[in-house]
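Read through the structure below, which is laid out as structure tokens, and then see the notes.
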Amino acid sequence: MALSAVNDQNVDTQALALRPKGLKEAGGFMVVGHRGKGMNALTSTDRRLMAVKENSLLSFNQAGRFPIDFIEFDVQVTKDEIPIIFHDNYILTEEAGTILEKQVTDLYLEEFLSYGPQRDSGKVGKSMLRKTKDGRVFTWMVEVDDSLCTLQEAFQSVESHLGFNIELKFDDHVVYGEEELTRALNAVLRVVFEHANERPIIFSSFQPDATQLMRKLQSIYPVFFLTNGGTEIFSDVRRNSVDEAINLCLVSGLQGVVSEVKGIFKDPSAVSRVKESSLSLLTYGKLNKWLTILVYEL
């Protein structure tokens, strides 16, 4: 098993270490653009992390100019059951000096799209703020902004050669019932089945029950379980190690694991255990970008 390295400081990436079943051959590895051309880190001194709005059609197509195979983005479902692309659980704006914060999944599509730049030049969108993990709030400013978008728009507007790694986004602090999860997943699948055509698709999620349900609801596209690889501890033990992720994949018929790369560096032997389980492996995290993308080739 050979170890390869790829350096590209212009696109925030994930590395696909062991290729998923059902996807076209793409050499020894594939590279995935994280939230398109990269996430926005508003407190960073690195201008590249504020170059273009993350999870936008512009970011996706700019990422596609690089030699990557997939783009990754976060999908949530609005109150009127429209899959939209947005990472954070809450969306913030400011009105008359007051910061207003709303759960994204509590919004109807029209209100969600009213934030930020508007495609209609005659409209002015609500300002957008973003809260950091430590609770600070910043104006969401990037060098090149773009409008918020839906999953359907991504299928219609992003270069068709790019695969989609669709992260099914759920709030870590909410306990979801099967009915609620199923309703959201079916909304996503309706769009995928209608618009995917021949585009390669991977589903992934940190929500264990969501990955299991997605596998039950469809068997066309690979489903991966996202894990922090033990770098954070959660009440749900299935999220607390690569080995737990492997076990979930095996009992649920999932195709692979997406691990924070620090978890792999902490326990490199996990790669062998993934391979022995006939699963595929993706890694994500800052070390993918700032050091190298480490790719284990079969």
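The values are calculated or read from the model by the stated rules, or taken from the named source; none is laboratory data. Not measured: the values here are computed from a predicted model. No Cβ is skipped: glycine too gets one built from the backbone with ideal geometry, and neighbour counts run over all protein chains shown. These accessible areas exclude ligands, DNA and RNA; they are computed on the full protein's heavy atoms, side chains included. Shrake-Rupley method; radii C 1.70, N 1.55, O 1.52, S 1.80 Å.
Side notes on the structure shown:
- Computed with a 1.4 Å probe over protein heavy atoms only, the accessible surface of the chain comes to 46 Å² per residue.
- Whole-number percent relative contact order across the chain, with pairs defined as alpha carbons under 8 Å at least 6 apart: 23 percent
- On the basis of the beta-carbon distance and an R0 of 41 Å, Ser114 and Lys216 show a calculated FRET efficiency of 0.70.
- Taken over segment 98-166, the ratio of Cα radius of gyration to 2.2 N^0.38 Å equals 1.30.
- Average Cα contact separation per residue, segment 97-159, under 8 Å, 6 or more apart, as relative contact order %: 26 percent
- Measuring nothing but protein heavy atoms, the accessible surface of the chain at 1.4 Å probe radius is 50 percent carbon and sulfur.
- Sorting 188-199, 150-161, 238-249, 77-88 by their mean Cβ neighbour count within 10 Å, with the most densely packed peptide first, gives 238-249, 77-88, 150-161, 188-199.
- The tail of the calculated P(r) for the chain, taken as Cα-Cα distances beyond 27 Å, holds 39 percent of the pairs.
- Selected from Gln76, Asn288, Gln118, residue furthest toward positive end of dipole (the chain; charges at beta carbon): Asn288
- Between Glu232 and Lys275, the modelled labels are 3.0 nm apart [label points 7 Å from Cα along Cα→Cβ].
- Size of electric dipole in the chain: Cβ of Lys, Arg +1 and of Asp, Glu -1, about Cα centre, debye, nearest 20: 660 debye
- Ordering of 33-45, 95-107 by packing [mean C-beta count within 10 Å, highest first]: 33-45, 95-107
- Mean Cβ neighbour count within 10 Å, used as a protection proxy, ranking 108-116, 224-232, 131-139, 253-261 highest first: 253-261, 224-232, 108-116, 131-139
- Given Lys126/Lys286; Lys53/Lys126; Lys37/Lys131; Lys53/Lys275, the pairs whose alpha carbons are separated by over 24 Å: Lys126/Lys286; Lys53/Lys275
- At R0 = 25 Å, FRET efficiency that the Cβ-Cβ distance of Lys123 and Glu81 yields, to 0.05: 0.55
- Average projection, convex hull of the Cα set of segment 175-298: 8.4 square nanometres.
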